[in-house]
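Below: the structure, in C-alpha cells.
The values are calculated or read from the model by the stated rules, or taken from the named source; none is laboratory data. Please read these numbers as outputs of a predicted model, since none were measured by experiment. Cβ sites come from the backbone with ideal geometry, for glycine too, and all protein chains shown count toward neighbours.
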Amino acid sequence: MNIPAHAPLHLLHTAAVGTLATHARQPEGFPYPSVLPFAPGLQHRPTILVSRLAEHTHNLHADPRAGFLAVDAPDGDVLSGQRVTLLGTFEAVDSSPEIVQRYLRYHPDAERYLVLGDFTFWVMRLERLRYIGGFGAMGWLGGAELDPLPPLAFDEENALIEHFTRHAGHVDGLELLGVDRYGADLKRDGARSRFVFDDAKLNTESLHGALEDCMQRYAN
C-alpha cells in the first residue's frame with residue numbers, strides 16, 4: 001500500500017458528483033449504479049439528497065449497504081486520475097438546519113428539491129475504502145483511518161466561514177463552502193477548488209491562520 005497522506009480525504013472534497021451503487025431489489029442482488037451530487041460531511045463522508053421515489057432510495061431502505069465512487073480526472077483521462085471507492089452503509093438523517101445549510105453551500109440549486117418535500121438526506125457510514133491515485137499509489141484503508149482527528153462542530157465551521165466572508169471581500173468572487181482541519185473548499189466564479197493546508201490544524205487559532213494564508217494567495 002502506498003497512499004499519499006490524506007489524498008482520499010482531499011479527493012472527497014474535490015469531486016462534486018459520485019456514483020452510488022446499491023443492491024437492486026429486482027432483479028434481486030444485482031449492483032444498481034446511479035450518478036448523483038454529494039457534499040462531504042464534517043467527517044468527509046458523502047452526504048446525498050435523494051427522492052423518496054428514486055430506485056436507489058428504495059434499494060437503500062431494503063439494504064443500506066452500498067458502494068460510492070468519486071473521481072477526479074480534470075483532463076478526462078480517468079485511468080491517470082484519482083479515484084476512491086467507499087464501502088459502507090447509508091443512514092437517513094433529519095433535515096436539520098445545520099445539514100441543510102451545509103449541503104446548500106455546496107449545491108445551492110438543491111433548494112428547489114427541498115421545497116418539494118419528498119427529498120431526504122442520507123449520510124454514509126464508512127467501513128473501508130480503496131484509493132487509486134496513479135501507478136504505485138493505491139491501497140485499502142479502514143473507515144476510521146480516513147481521519148483520526150475529531151471533526152469541527154457545525155458552529156465552529158460556521159464561525160470560520162463568517163470570519164472568512166468578512167475578511168475576503170477584497171477577493172472578487174471567492175466563497176468558502178466548507179472548512180476542516182486539512183483544507184478549505186472554495187468556489188470562485190462558479191468553479192470548485194480545494195485549498196490544502198500544509199498540515200492538520202488542531203485549534204481555532206491555527207485554522208484562522210490557514211484561512212488568512214488562503215485569502216492572501218487568492219488575492220495575488
Subset of region 123-160 (residues that are in a helix (DSSP H, G or I) and either over 21 Å from the mean Cα position of the chain (by Cα) or surrounded by 19 or more Cβ atoms within 10 Å (Cβ to Cβ) (or both)): Glu157, Leu160
Glu91 over 30 Å from Ala219 (Cα atoms) and surrounded by fewer than 18 Cβ atoms within 10 Å (Cβ to Cβ): yes
Criterion (assigned to a strand (DSSP E or B) and either among the charged types (D, E, K, R) or in contact (Cβ under 8 Å) with a residue 24 or more places away in the chain (or both)) met by exactly one of Asp213, Asp199, Asp185: Asp185
Residue within region 74-94 that is within 22 Å of Val179 (Cβ to Cβ) and assigned to a helix (DSSP H, G or I) present: no
Verdict on Leu174 being closer than 15 Å to Gln216 by Cα, aliphatic (A, V, I, L, M), more than 16 Å from the chain's Cα centre (by Cα) and surrounded by 12 or more Cβ atoms within 10 Å (Cβ to Cβ): yes
Count of region 95-112 residues which are under 20 Å from Ala153 (Cα atoms), out of contact with any Ser or Thr (no Cβ under 7 Å at 6 or more places or on another chain), part of a helix (DSSP H, G or I) and not aliphatic (A, V, I, L, M): 6
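For (1) part of a loop (DSSP other than H, G, I, E, B); (2) of a type in the set (Ser, Thr, Tyr); (3) closer than 24 Å to Leu12 by Cα, each residue gets a yes or a no:
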site: Gly29; (1), (2), (3): no, no, no
site: Leu53; (1), (2), (3): yes, no, no
site: His61; (1), (2), (3): no, no, no
site: Gly67; (1), (2), (3): no, no, yes
Verdict on Thr165 being among the β-branched types (Val, Ile, Thr) and surrounded by 13 or more Cβ atoms within 10 Å (Cβ to Cβ): no
Flag if Pro46 is surrounded by 15 or more Cβ atoms within 10 Å (Cβ to Cβ), within 19 Å of the chain's Cα centre (by Cα), under 14 Å from Ala92 (Cβ atoms) and not charged (D, E, K, R): yes
Qualifying residue in region 105-113 (condition: more than 13 Å from Leu42 (Cα to Cα), surrounded by 13 or more Cβ atoms within 10 Å (Cβ to Cβ), more than 17 Å from the chain's Cα centre (by Cα) and not charged (D, E, K, R)): yes
Leading residue by the ranking (nearest to Gly81 (Cα to Cα)) among those in region 122-139 that are modelled with pLDDT of 95 or more and of a type outside the set (A, V, I, L, M): Tyr131
Checking Thr57 against (1) crowded, with 16+ Cβ neighbours inside 10 Å; (2) at pLDDT below 95, the condition it does not meet: (2)
